[in-house]
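The values are calculated or read from the model by the stated rules, or taken from the named source; none is laboratory data. What you see is a predicted model, and the numbers here were worked out from it, not measured in a lab. Ideal geometry is used to build each Cβ from the backbone, glycine not excepted, and the neighbour counts take in all protein chains shown. Ligands, DNA and RNA are stripped out before the accessible areas are found, and what is left, the full protein with its side chains, is counted by its heavy atoms. Shrake-Rupley method; radii C 1.70, N 1.55, O 1.52, S 1.80 Å.
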Amino acid sequence: FVGCLGASQYMYIEATNSQSLPDWIASHINMFEYFGGVPEILVPDNLRSGVSKAHRYDPDINANYQLFSEYYGVAIVPARTYSAKDKAKVENMVRILEMQILAPLRHRTFTSLCEINMAIKERMKMVNSQKMDTTRLKLYQALDKPALRPLPPTKYQYATWKKAKINIDYHFVYDNCYYSVPYKYIGEKVEIKATNNTVECFHKNKRIATHIRSCK
C-alpha cells in the first residue's frame, strides 16, 4: 500500500496480507494516523476492494469504503481507468519505493508482516527526510499538516453486512451465534452489521438491537 500527500509528497507505505477490503481500509486508517490528520480528498486506484464498478466519471464506490469515507469526512475520487496522470505523484512514489525501500531490503529474510513493516518504516522515515531543495518532512510540516483535518476521537471499525430473517424464537444467527430482537419482529427480514466488537440488527434502516459480539 502506497500513499502520499499532494503538496509535500510525504509518503506512507506498508505491506499487507492481501488486497481485500479489510486490509485496504486498515491501510487507509494507518496512513491517516501516520499523517496525523485527514485530507479533503482521496484519489485511489480503481481497485476492486474500493471501487465496485469502474466508470470514467461516476464510479460506484464499495459500500464499506463509502462508510469509511463518511466516517472520516473525506471525498473519494478514484483515478480514471488508464489515466495514471490522475495520480502521478503516487505513481512516482511507487518508483521510489522500488528503488529506495524494496531494493535495499531484497536480501533480508523476514518472519512476520510486523517485521517487514518495521523495516519499511525505517526506510520510509529516511526517504521522507531526504534533502533535495528541502525535505519531504519539512514540506509536510509547512504545507500539508496545517491543511489536514483532525482525526476523529476513535478509529473507524470495519463492518460486514448480511441479510437475515428473524426466527420464531425472535433470534437471528450470525457467525453461528444467536442474538435476540424484540418479539414483534418475528418473521421479518433484517440486515445485520457486525464489527469485531458488536453485532447490530436493522429493520427498514432502523436499528432494533445491538449486542456485544459473542464469536469472533
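Overview of results
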{"read-out": "In segment 163-185, the residues that are open to solvent by 70 Å² or more (accessible area, probe 1.4 Å) and of a type outside the set (D, E, K, R)", "value": "I168, Y170, N176, Y178, Y183"}
{"read-out": "Subset of segment 185-216 [of a type in the set (S, T, Y), over 24 Å from T154 (Cα atoms) and assigned to a loop (DSSP other than H, G, I, E, B)]", "value": "none"}
{"read-out": "Candidate set: segment 109-135, residues that are charged (D, E, K, R) and modelled with pLDDT of 90 or more; chosen: the one surrounded by the most Cβ atoms within 10 Å (Cβ to Cβ)", "value": "R123"}
{"read-out": "Condition met for C215 (modelled with pLDDT of 90 or more and either open to solvent by 90 Å² or more (accessible area, probe 1.4 Å) or out of contact with any helix residue (DSSP H, G or I) (no Cβ under 7 Å at 6 or more places or on another chain) (or both))", "value": "no"}
{"read-out": "Candidate set from segment 24-39 (those that are free of Cβ contacts under 8 Å to residues at least 60 places away in the same chain and closer than 14 Å to R149 by Cα); member that is least open to solvent (accessible area, probe 1.4 Å)", "value": "M31"}
{"read-out": "Residues (part of a loop (DSSP other than H, G, I, E, B) and farther than 26 Å from N30 by Cα) located in segment 144-172", "value": "I166, N167, I168, D169, Y170"}
{"read-out": "Considering residues of segment 186-212 that are of a type in the set (D, E, K, R) and touching a residue at least 24 places away in the same chain (Cβ under 8 Å) only, the residue surrounded by the most Cβ atoms within 10 Å (Cβ to Cβ)", "value": "K193"}
{"read-out": "Some residue of segment 151-161 being open to solvent by 30 Å² or more (accessible area, probe 1.4 Å), touching a Ser or Thr at 6+ places or on another chain (Cβ under 6 Å) and not basic (K, R)", "value": "yes"}
